[in-house]
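The values are calculated or read from the model by the stated rules, or taken from the named source; none is laboratory data. Values in this document were obtained by computation on a predicted structure and should not be read as measured data. Please note: Cβ atoms are built from the backbone with ideal geometry, for glycine as well, and neighbour counts cover all protein chains shown. All accessible areas refer to the heavy atoms of the entire protein, side chains included, with ligands and DNA or RNA removed. Shrake-Rupley method; radii C 1.70, N 1.55, O 1.52, S 1.80 Å.
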Amino acid sequence: MQDQKTPTLNSIFSEVLQNLAFMFHDEDEAEIAPGEVWLETVIRYRGPQDGTLRLRCTRDFAVLLAANLLGTDPESADSLGRAGDAVKEFMNILCGQYVTARHGVEDVFDLTIPEIEELTETPDFTPGPEEEAAGVSVQGHRVQVLYRPQA
Amino acid sequence: MPSNVLIVDDSATIRQMVKRTMQIAGLDVGEVYEASNGIEALAQLNDHTVACMVVDINMPTMNGIQLLTRMKENARLRDIPIVIASTEGSRKRIAQMEDFGAFGYVRKPFQPEQLRDVLKPLLGVVDDAGSENANAELDLF
């Protein structure tokens with residue numbers, strides 16, 4: 001069990017979002033608009049302990065993230081074209097930070113290359129029994145990160 | 001005279017961010033070459049001369065550790081200063097990078113000032129304003 005001084009997934013998610021992309025999350029649930037395209041990005045780490053992080057977000061959020069990272073207009077071709085890459089890099093950084101916060105700096109962990117896929121429907125946001133969830137809303141977009149330890 | 005730089009990262013977004021940061025920071029940079037993995041980096045080094053490299057660790061095909069290992073074995077490449085820009089937090093792995101001759105390390109997500117401060121001794125600056133050291137997560141080996 002984590003002690004109270006251990007940073008939570010929520011605090012690390014929030015910190016990485018701010019430091020990387022100057023974006024802020026809040027606890028109020030953002031509304032889910034019909035017809036939105038949902039993406040799921042998965043990264044795993046392996047070492048003395050293994051785990052998986054998943055990010056669910058809309059394509060619109062991914063475009064906004066790319067725009068913030070690149071300093072470009074969300075309508076620009078760069079922002080639209082780099083949306084998937086931006087989310088994958090966000091997950092790479094989040095995972096690296098989370099692994100260190102959860103397991104310390106003494107052990108070596110290998111991170112997989114993040115994989116992204118478009119979902120065919122709006123995801124179920126209820127975390128599984130072994131999952132820790134973070135995020136709810138980022139600048140009006142529903143975003144969720146899930147962590148699952150592996151035995 | 002401006003110095004050429006090679007950025008090696010599988011994320012095109014990060015490569016563009018690093019490029020932009022170097023421009024904003026006023027570093028004296030000439031041509032900026034890009035590679036998305038170690039194999040592409042070796043190909044770029046075959047075609048171009050660079051003053052330093054900014055290299056990620058976690059990349060497909062050939063990762064940053066494998067790239068540094070290959071460069072260390074090559075007399076023409078082994079002295080090129082390398083700054084690691086990675087999300088890596090393990091002390092052992094950072095020490096391993098140091099053993100391989102990496103010049104410095106910035107942990108992602110980094111602030112522009114952090115990248116500037118670690119690259120400044122290698123590239124020099126055109127405009128020296130705003131060179132405050134952002135300290136956290138920055139290490140010159």
Notebook entry, point to check: If B:M71 passes every condition in (1) more than 10 Å from every other protein chain (Cβ to nearest Cβ); (2) buried (at least 20 other Cβ atoms within 10 Å of the Cβ); (3) out of contact with any Lys or Arg (no Cβ under 8 Å at 6 or more places or on another chain); (4) assigned to a helix (DSSP H, G or I) but one, which one does it miss?
Noted result: (3)
Note to self: Can you report the number of residues in the stretch A:38-53 which are under 16 Å from the mean Cα position of the chain (by Cα) and open to solvent by 50 Å² or more (accessible area, probe 1.4 Å)?
What the structure shows: 1
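When the residues of the stretch B:23-34 are narrowed to those that are touching a helix residue (DSSP H, G or I) at 6+ places or on another chain (Cβ under 7 Å) and modelled with pLDDT under 95, which ends up most open to solvent (accessible area, probe 1.4 Å)?
Looking at the filtered set, the residue picked out is B:I24.
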Item checked: Output for the stretch A:54-71, where each listed residue is open to solvent by less than 40 Å² (accessible area, probe 1.4 Å) and either more than 9 Å from chain B (Cβ to nearest Cβ) or in contact (Cβ under 8 Å) with a residue 40 or more places away in the chain (or both) -> A:L55, A:R56, A:C57, A:T58, A:F61, A:A62, A:V63, A:L64, A:L65, A:A67, A:L69
Checklist line | Out of A:V108, A:V136, sole residue that is under 29 Å from B:R91 (Cβ atoms), of a type in the set (A, V, I, L, M), open to solvent by 10 Å² or more (accessible area, probe 1.4 Å) and touching a residue at least 40 places away in the same chain (Cβ under 8 Å) | finding: A:V108
Next item on the list: Enumerate the pairs (first residue in the stretch B:89-100 and closer than 18 Å to A:I93 by Cα and assigned to a helix (DSSP H, G or I); second residue anywhere and of a type in the set (D, E, K, R) and open to solvent by 30 Å² or more (accessible area, probe 1.4 Å)) with beta-carbon separation below 8 Å, excluding pairs fewer than 6 apart on the same chain, so at least 6 apart or on different chains.
Entry: B:R91/A:E106; B:I94/B:D139
Check: Can you pull out the residues in the stretch A:139-151 that are open to solvent by 20 Å² or more (accessible area, probe 1.4 Å) and within 20 Å of A:P7 (Cα to Cα)?
Finding: A:R148, A:P149, A:Q150
